[in-house]
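Derivation of every value follows stated rules applied to the coordinates shown; laboratory data play no part. The structure presented is a predicted model; accordingly, all values stated were derived computationally and were not measured. Glycine gets a Cβ as well: all are built from the backbone with ideal geometry, and neighbour counts include every protein chain shown.
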Amino acid sequence: MTKKIVVLGGGYGGVLTAKKLAKKFKKGSGVEIKLIDRKPYHTLLTELHEVAAGRVEEDSIKVDLKKIFAGRNVDVVLDDIANIDFDNNTLHSKGNNKYQYDYLVIGTGCKPSYFGISGAEEHAFSLWSYEDAVKLREHIRNMFIAAVKETNPTIRKQMLTFVVVGAGFTGIEMIGELGEYKEQLCKEFYVEPSEVRLVVADMAPKILPILPDKLIAKAKKRLDKLGIEVITGTQITGVSPTSVSLGESGDIEAKTVIWTAGVEGSDLVGDLDLEQKGRKRIVTNEHLQSVDHKNVYVVGDNIFFIPEGEERPVPQMVENAENAAPVIANNIHAVITGGEQKAYKPVFHGAMVCIGGRYGVANVGLPGKMFMFSGFMAMFFKHFINLFYLFQVCGFNKCYSYMLHEFFHVPNRRSFVGGHLSKRSPNFWLVPLRVFVGAMWLKEGLNKLPKVWKDPTNIFLIPAKAVDGTSAATQAISDVHQTVDASAAASAVEGAKTAVEAIPVPGFISNMVNGTMDMFFYTNDGGYTFLATLFQTAMVAGEIIFGLMLIAGLFTSIASIATIGMGLMIWTSGMAPYEMLWYWFAGCALIGGSGSTLGLDYYLYPHLKRIWKKIPIVRKWYIYAD
């Protein structure tokens with residue numbers, strides 16, 4: 001009988017659990033896996049502030065769920081679940097659809113918690129979904145647009161004041177992004193930076209309370225540098241359309257209040273008849289099963305579980321979802337196949353927070369041995385961890401997209417590598433270089449072609465097996481004046497090295513090359529093998545073919561890499577002149593798509609991409625770019 005597994009929620013925990021389950025239960029295994037979510041995409045919640053403050057494009061934080069599970073034993077269903085009948089193992093949607101399950105994984109995540117503060121939910125902007133980020137970005141820009149036209153100084157001041165409530169990770173990342181974004185907005189809308197007020201407020205006595213004091217001080221220093229006011233130890237008592245009340249600290253007039261002060265379980269989780277603790281988190285046992293129903297597992301932020309030896313429940317962070325997903329997948333597999341369930345023993349590797357795109361702080365390592373970083377290294381670790389997660393979710397496809405958004409297409413130098421990688425120049429400036437390099441390789445190939453055509457067994461690209469160190473040098477010396485002559489480079493031996501100043505070759509490489517040639521190119525009597533003839537013919541053909549490809553702009557990246565490879569083979573012979581360096585670096589410059597301008601790649605690549613993306617194995621392993 002077919003077993004049905006339903007994963008409820010397409011967040012961090014739900015996506016990873018479904019992928020782990022699909023790896024254990026292939027198609028045709030007698031197990032159906034269904035992932036249900038209201039939205040067709042997975043949202044990178046930890047990057048919402050980047051969209052809200054205009055650092056990256058909005059699509060950068062979305063991943064199509066059907067793309068994630070293409071070719072896998074997971075059926076993605078778009079629906080809004082209203083309630084769960086645990087007695088009959090049935091989920092009921094708001095559209096009156098029913099979904100049966102044998103095993104259920106709850107990963108519906110959280111929503112903002114307003115703690116009953118007057119006006120907070122009605123008038124503050126939340127930052128907990130893709131829609132929130134886009135809405136907030138548009139609002140911020142609209143405030144600047146309206147402020148430029150506003151003549152009333154009081155209203156103008158309200159429009160240019162932005163308050164973030166909550167000084168945890170989300171709040172500090174949001175206000176940090178605004179601190180950087182302010183410079184761009186002021187320049188774009190002709191607003192004096194001194195008119196813009198940025199405030200972060202929290203009732204806690206300090207910002208980022210889970211970090212060491214040393215890192216907190218560095219974060220505070222960075223906020224000060226960005227012109228951000230930090231108000232701690234104050235009670236938030238109310239929010240109105242034009243202000244936020246900070247108890248004894250008074251009111252701040254502002255038309256933009258961003259709420260990041262805390263989260264609680266989703267509405268669905270809060271209504272479930274399951275034991276809950278700590279703001280609507282479901283109590284689980286060590287196997288991450290609900291203590292009320294053994295066939296119901298919980299993942300991600302919805303877990304309330306205190307590991308052995310700990311005093312607090314597992315934190316609501318992405319690494320918790322990453323740790324829990326394989327345990328749940330293993331345990332469901334164990335129950336179905338008769339194996340042994342594993343206990344959840346998470347190991348957390350610290351935390352990182354970015355304060356804008358250029359600076360961050362991180363406390364990372366292993367329990368009992370943590371290391372503190374700030375600035376460049378902290379941002380490096382943050383991006384590395386993000387790429388590691390994205391590789392699990394959508395492989396090369398999303399990692400490539402992430403790097404484009406974070407490093408190569410980032411505006412206004414808002415990256416920890418500045419604008420160095422984001423400086424882009426039109427490809428048409430590379431067209432003359434591409435044609436010239438191609439013509440030079442074509443010329444070299446055509447010069448050698450008559451010799452190969454006349455007598456393929458006449459080996460002039462591979463030196464004769466030398467005895468005295470000079471017997472194979474004659475041909476090399478006669479040809480070595482040519483800039484890139486594979487004949488001169490490959491037919492030389494030690495005696496010919498005095499003829500030109502060659503690029504040095506490490507001894508271990510020379511030894512490997514000589515050993516390979518002895519094995520494949522020379523016969524026992526000192527002659528040449530058939531492989532030697534084949535190699536020489538291929539080299540000449542390669543010079544002609546790749547030269548033509550560069551001139552025509554056809555598969556330019558492949559041709560550029562191939563010509564670099566041919567140059568490296570010449571170098572390993574010990575006779576590559578220093579001019580060869582020019583060809584290597586020119587080849588590197590041409591790799592990045594120079595054929596897309598005034599070349600055949602402009603017409604061919606889009607068509608090939610469409611075909612490539614339709615190949616099942618390509619979609620399954622995400623080996624494509626959007």
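List of remarks:
- Unit Cα scatterers, Debye sum, region 1-126: log10 I(q)/I(0) for q = 0.12 Å⁻¹: -0.55
- Kirkwood hydrodynamic radius over Cα pairs of region 336-466, then Stokes diffusion coefficient at 25 °C and 0.890 mPa s, in µm²/s: 119
- 0 to 90° range, to nearest 10: angle between helix 213-225 axis and the chain longest Cα axis: 90
- Taking the C-alpha atoms of region 87-183, convex hull volume expressed per residue in Å³: 180
- log10 of Debye I(q)/I(0), alpha-carbon scatterers only, for region 498-594 at 0.10, 0.11, 0.20, 0.25 Å⁻¹: -0.34, -0.41, -1.08, -1.24
- Sorted into 10 angstrom bins from 0, the C-alpha pair distances of region 120-261 split as 12, 44, 36, 8, 0 percent.
- Our summary of shape: the Cα atoms of the chain have principal axis extents of 93, 71, 49 Å, ordered from largest down, in whole angstrom.
- The angle between the Cα long axis of helix 130-149 and the main principal axis of the chain comes to about 80°, on a 0 to 90 degree scale.
- All Cα pairs of region 289-375, percent lying beyond 17 Å: 58
- Positive contributions from Lys and Arg (+1) and negative ones from Asp and Glu (-1), summed over other residues with Cβ under 14 Å from the Cβ of VAL134, come out at -2.
- Note that region 332-343 has calculated 3J(HN,Hα) couplings of 5, 4, 5, 5, 6, 9, x, x, 10, 6, 9, 7 Hz, one per residue in order, obtained from phi through the Karplus relation 6.51 cos²θ - 1.76 cosθ + 1.60 (θ = phi - 60°); glycine and proline are x.
- Above-threshold pairs, the threshold being 21 Å between Cα atoms, out of LYS20/LYS620; LYS23/LYS62; LYS182/LYS225; LYS27/LYS67; LYS280/LYS382; LYS220/LYS382: LYS23/LYS62; LYS280/LYS382
- Total formal charge among the other residues, if their Cβ is under 13 angstrom from that of LEU208, Lys/Arg +1 and Asp/Glu -1: +3
- In the chain, helices alone account for a calculated mean residue ellipticity at 222 nm of -13000 deg cm²/dmol, with every DSSP H run of four or more residues adding -39,500 (n - 2.57).
- In degrees, nearest ten, helix 12-24 long axis to first principal axis of the chain (Cα): 50
- Along the chain, longest interval not containing exposed trypsin sites (Lys or Arg not before Pro), exposed being DSSP loop plus at most 11 other Cβ atoms within 10 Å: 95-422
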